[in-house]
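**Student:** Here it is, the structure, as structure tokens.
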Amino acid sequence: MSGTTQSSIRAFWAVLGRDVFVTGREMPSFLAQVLVQPVALLFIFGKVLGQLGYTQPGYAQILLPGMIALNSFLVALQNTSFPLVLDFSFSREIEDRLLAPLPITWVAVEKMLFGALRGLFAALLMFPIGLLMLGNVAWDLSGLPFAVLCMVLGSLVGGTVGLTVGAAVPPRRINIMFAVILAPLIFTGASQFPWAQLDQLRWFQIVCAFNPLTYVSEGMRGALLPDVPHMAPWVCLLALLGACVIFGALGIKFFLRRALD
Amino acid sequence: MARRVAGEHHRGHNRDDEFLPGGRVTAAVEVADLVKHYPKSTHNAVDGLSFRVERGEIFGLLGPNGAGKTTTVGILTTRIVLTAGTATIGGVDVARDPVAARSKVAVVPQRVNLDRSLNARQNLLFHASYHGIGRSERRALATRLMERMGLADKSKARIDDLSGGQAQRLMIARALIHRPEVLFLDEPSTGLDPQARLFVHDRVNDLRSEGVTVVLTTHDMEEAEKLSDRVGVVDHGRMLTVDTPTALIRSLPGSGTIDARVRPNGFDSEKVTGLLSDIPGVQRVETPGGSDAPEEAAPETELRLYVDCEPGSLLGPVAAKLHDNDITVSDLSLGSASLEDVFIELTGRDLR
Ligand SMILES: Nc1ncnc2c1ncn2[C@@H]1O[C@H](COP(=O)(O)OP(=O)(O)OP(=O)(O)O)[C@@H](O)[C@H]1O
Ligand SMILES: [Mg+2]
């Protein structure tokens with residue numbers, strides 16, 4: 001290994017270490033950002049509506065894997081894109097890292113990876129919370145490894161989409177980012193409904209197929225609740241890997257364009 | 001001002017890799033025919049720039065707003081991708097091997113870009129860790145640099161709580177912590193008070209004695225003249241001239257000056273200017289204070305005569321001419337042109 005590669009690897013870990021350090025210090029606000037929304041969704045749709053009799057028994061079971069998927073994908077996306085938009089704005093805080101002795105591409109990968117780690121962490125937190133809130137879950141535990149694989153891939157895709165969005169959105173547009181990007185992603189990701197049962201609503205089913213989150217939700221739900229109609233696991237896997245490659249490449253391209261004049 | 005001789009530049013820097021096969025010493029910075037064209041721009045921001053900075057030298061890049069100084073620094077620090085030409089740092093091509101180049105350079109940018117999520121000391125520590133400096137070493141270095149930059153009591157300060165001058169000093173400390181071969185200072189003293197400016201100047205002079213190569217950009221002539229071994233004047237992305245400040249001033253036509261303070265006694269200042277311009281040896285006459293003040297308010301006018309011979313020999317003729325016209329002289333003194341005169345002579349008076 002050449003000296004430059006070695007120092008690049010060292011720099012990569014140092015840059016990742018900086019993000020871990022900063023997150024560690026901001027833990028309470030990070031937890032709030034990560035947990036309030038899915039816990040509220042789970043509570044209203046899984047608990048309140050169920051007890052009032054507006055949802056069928058068992059809906060909460062369908063919802064929980066979807067909420068875990070949602071957290072893995074969306075938290076990764078938000079935690080990559082928002083800081084990036086700010087980093088590239090007037091503060092130019094990221095410059096110190098762009099001037100560190102490692103390829104700019106690696107800095108992009110680090111941003112993505114770190115966002116994915118936060119997404120993964122947020123998704124993992126949903127397991128105990130869901131169990132606690134819903135009391136009993138009837139999961140097929142043999143599907144757990146595949147569900148975890150989908151969750152990991154979901155975080156990675158979230159990171160790559162976050163990199164793409166964060167590097168493409170100019171700082172003054174950050175406030176419309178939520179309305180035009182995040183909200184649609186939340187509701188077209190099959191996390192609140194099984195995608196395979198949408199055949200009565202064909203156009204919506206097609207729309208959902210363009211959202212990577214759909215494949216995370218379907219993959220996880222299919223693995224944990226095999227009795228619920230679901231997408232074939234290999235389709236989910238392929239779609240997630242494909243999305244990873246496409247958005248990863250796109251994100252790095254946009255990042256390079258923003259990082260270098 | 002005393003200038004160092006070239007031989008001194010290489011003190012403590014005699015590693016083998018500094019010599020090219022031809023026996024020529026590798027320059028700290030070498031820029032050849034550099035061109036930068038920003039997308040969607042009508043002209044080149046840098047347009048065929050060439051210069052060379054020797055090791056240990058302090059080089060001033062001087063030029064009006066928009067001349068391309070920051071762009072040049074950006075290219076040399078790998079933040080901006082060049083369009084054509086070559087730029088090397090200690091023999092490393094910044095376009096071909098930016099990662100290696102980044103470990104050789106450090107930059108104090110024109111605008112604050114400190115990491116706001118970290119406090120002052122952490123900014124130094126993490127920067128050092130990006131550059132692979134071990135934990136105990138970077139702690140010791142951070143402490144030493146904070147002290148040296150007069151920031152010892154600010155180590156826990158948040159970035160937003162630092163004054164402009166403190167942020168500037170912290171950026172210099174951050175730049176120095178990974179022991180760069182070449183330090184780029186983009187307008188190091190803009191926005192600083194005189195104390196802070198002097199402090200920064202002293203630190204730059206410290207670097208000189210440590211053998212660090214410094215490239216600084218500025219439009220403060222006094223600063224360029226005071227700090228730089230050599231100065232390059234840039235305009236419209238081109239190098240107009242490179243030389244020591246003394247040589248540049250000497251090369252200026254009409255480089256000697258005579259300053260006169262006169263009471264025109266009814267003459268308008270244009271008339272006086274005309275009279276003095278007729279004296280053989282006087283190149284041109286200017287009113288540095290500006291002649292637009294009403295005569296009544298400013299009964300005395302200050303004039304600066306640019307002469308192309310030994311200014312002392314013209315004192316007599318000037319005094320005689322003024323006396324003959326009943327113009328009262330209250331002060332007559334010899335001056336010499338400054339770098340500002342060179343700058344204006346080369347780049348003109350137009351606003352950018
Ligand atoms: N990111 C950019 N995109 C497009 N044009 C740019 C960009 N940055 C600089 N320019 C243009 O390039 C030219 C050179 O700018 P540069 O910042 O290098 O000048 P400068 O010498 O540093 O000026 P100043 O003394 O004002 O700092 C200017 O005409 C500027 O408008
Ligand atoms: Mg500039």
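The values are calculated or read from the model by the stated rules, or taken from the named source; none is laboratory data. Predicted model only: the values in this text are computed from it and were never measured. With ideal geometry, Cβ positions are generated from the backbone for all residues, glycine too; neighbour counts draw on all protein chains shown. Note: accessible area is taken over every heavy atom of the protein model, side chains too, but ligands, DNA and RNA are not part of it. Shrake-Rupley method; radii C 1.70, N 1.55, O 1.52, S 1.80 Å.
**Student:** Any idea how many residues of segment B:36-52 are under 12 Å from residue B:239 (Cα atoms) and among the β-branched types (Val, Ile, Thr)? Full working, then the answer.
**Tutor:** Taking segment B:36-52 and keeping what is under 12 Å from residue B:239 (Cα atoms), we get B:46-52.
Filter once more, so that each one left must be among the β-branched types (Val, Ile, Thr): B:46.
Residues that pass the stated criteria total 1.
**Student:** Say we look at segment A:20-60 and pick out the residues that are in a helix (DSSP H, G or I) and facing chain B (nearest Cβ under 9 Å); which of these is modelled with the lowest pLDDT? So that I can check it myself, show each step before the final result.
**Tutor:** First, the residues of segment A:20-60 that are in a helix (DSSP H, G or I): A:20-25, A:27-52, A:59-60.
Filter once more, keeping what is facing chain B (nearest Cβ under 9 Å): A:21-22, A:25.
Working: A:21: 93, A:22: 90, A:25: 85.
By that ranking, first place goes to A:25.
**Student:** Turning to a different aspect of this structure: Within segment B:56-64, can one find any residue that is surrounded by fewer than 24 Cβ atoms within 10 Å (Cβ to Cβ) and out of contact with any helix residue (DSSP H, G or I) (no Cβ under 8 Å at 6 or more places or on another chain)?
**Tutor:** Checking segment B:56-64: not a single residue is surrounded by fewer than 24 Cβ atoms within 10 Å (Cβ to Cβ) and out of contact with any helix residue (DSSP H, G or I) (no Cβ under 8 Å at 6 or more places or on another chain).
**Student:** In segment A:89-108, which residue that is open to solvent by less than 10 Å² (accessible area, probe 1.4 Å) and more than 7 Å from every other protein chain (Cβ to nearest Cβ) is nearest to residue B:111 (Cα to Cα)?
**Tutor:** A:94
Residues checked against (1) surrounded by fewer than 21 Cβ atoms within 10 Å (Cβ to Cβ); (2) within 14 Å of chain A (Cβ to nearest Cβ); (3) in contact with a His (Cβ under 9 Å, 6 or more places away or on another chain); (4) at positive phi:
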{"site": "B:126", "(1), (2), (3), (4)": "no, yes, no, no"}
{"site": "B:135", "(1), (2), (3), (4)": "yes, yes, no, no"}
{"site": "B:150", "(1), (2), (3), (4)": "yes, no, no, yes"}
{"site": "B:178", "(1), (2), (3), (4)": "no, yes, yes, no"}
{"site": "B:188", "(1), (2), (3), (4)": "no, no, yes, no"}
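**Student:** For segment B:81-116: of the residues being open to solvent by 40 Å² or more (accessible area, probe 1.4 Å) and of a type in the set (Val, Ile, Thr), which is nearest to ligand 2 (Cβ to nearest atom)?
**Tutor:** Checked segment B:81-116; the qualifying residue nearest to ligand 2 (Cβ to nearest atom) is B:112.
**Student:** Restricting to helices (runs of 4 or more DSSP H) lying wholly in segment A:147-261: which have 3 or more residues that are crowded, with 24+ Cβ neighbours inside 10 Å?
**Tutor:** Working: elements: A:174-177, A:183-187, A:202-209, A:212-224, A:233-259.
Once the helices (runs of 4 or more DSSP H) in segment A:147-261 are filtered for at least 3 residues that are crowded, with 24+ Cβ neighbours inside 10 Å, what remains is A:212-224, A:233-259.
**Student:** Residue pairs, Cβ under 7 Å, 6 or more apart or interchain, first in segment B:314-329 and more than 16 Å from residue B:273 (Cβ to Cβ), second among the small types (Gly, Ala, Ser). List them.
**Tutor:** From residues that are more than 16 Å from residue B:273 (Cβ to Cβ), there are no pairs.
**Student:** Of all the residues that make up segment A:128-143, how many are in contact with a helix residue (DSSP H, G or I) (Cβ under 7 Å, 6 or more places away or on another chain) and open to solvent by less than 70 Å² (accessible area, probe 1.4 Å)? If you could, list the steps in order and put the result at the bottom.
**Tutor:** From segment A:128-143, those in contact with a helix residue (DSSP H, G or I) (Cβ under 7 Å, 6 or more places away or on another chain) are A:129-130, A:133-134, A:137-140, A:143; that's our starting set.
Still in the list and also open to solvent by less than 70 Å² (accessible area, probe 1.4 Å): A:129-130, A:133-134, A:137, A:139-140, A:143.
The total comes to 8.
**Student:** Mind listing whichever residues of segment B:54-74 are near ligand 1 (Cβ under 10 Å from one of its atoms) and either in a loop (DSSP other than H, G, I, E, B) or not assigned by TED's automatic domain parsing to the domain that holds residue B:90 (or both)?
**Tutor:** Looking only at segment B:54-74, we keep the residues that are near ligand 1 (Cβ under 10 Å from one of its atoms), and these are B:61-74.
Matches in segment B:54-74: B:63, B:64, B:65, B:66, B:67, B:68.
**Student:** State which residue is nearest to the other protein chains (Cβ to nearest Cβ) when the search covers only segment B:81-113 and only residues that are in contact (Cβ under 8 Å) with a residue 60 or more places away in the chain and assigned to a loop (DSSP other than H, G, I, E, B).
**Tutor:** Applying the filter and picking the extreme gives B:109.
**Student:** Can you tell me which of A:27, A:67 is on the phi < 0 side of the Ramachandran plot and open to solvent by 50 Å² or more (accessible area, probe 1.4 Å)? Break it down stepwise before answering.
**Tutor:** Details: A:67 fails: open to solvent by 50 Å² or more (accessible area, probe 1.4 Å).
Step by step, each of A:27, A:67 is checked, and only A:27 is on the phi < 0 side of the Ramachandran plot and open to solvent by 50 Å² or more (accessible area, probe 1.4 Å).
**Student:** Please state which one of B:146, B:171 is away from chain A (no Cβ under 14 Å), at pLDDT 90 or above and crowded, with 20+ Cβ neighbours inside 10 Å.
**Tutor:** Just a single option satisfies the conditions, and that option is B:146.
**Student:** Could you run through segment A:114-127 and say how many residues are within 23 Å of residue A:250 (Cα to Cα) and either under 11 Å from the mean Cα position of the chain (by Cα) or facing chain B (nearest Cβ under 8 Å) (or both)? Show your work before the answer.
**Tutor:** Going residue by residue through segment A:114-127, those that are within 23 Å of residue A:250 (Cα to Cα) are A:114-120.
Applying the additional criterion that residues be either under 11 Å from the mean Cα position of the chain (by Cα) or facing chain B (nearest Cβ under 8 Å) (or both) yields A:115-120.
Selection size over segment A:114-127: 6.
**Student:** Now for a separate question. Of everything in segment B:65-80 that's hydroxyl-bearing (Ser, Thr, Tyr) and touching a residue at least 40 places away in the same chain (Cβ under 8 Å), which residue is most open to solvent (accessible area, probe 1.4 Å)?
**Tutor:** Of the residues in segment B:65-80, the ones hydroxyl-bearing (Ser, Thr, Tyr) are B:70-72, B:77-78.
If we keep only those that are touching a residue at least 40 places away in the same chain (Cβ under 8 Å) too, we end up with B:70-72, B:77.
Details: B:70: 64, B:71: 15, B:72: 2, B:77: 5 Å².
Across segment B:65-80, the extreme among qualifying residues is B:70.
**Student:** For segment B:185-255, which helices (runs of 4 or more DSSP H) that fit wholly inside it have 1 or more residues that are of a type in the set (A, V, I, L, M, F, W, C) and within 16 Å of ligand 1 (Cβ to nearest atom)?
**Tutor:** Numbers: elements: B:194-210, B:221-227, B:245-251.
The helices (runs of 4 or more DSSP H) meeting that bar are B:221-227.
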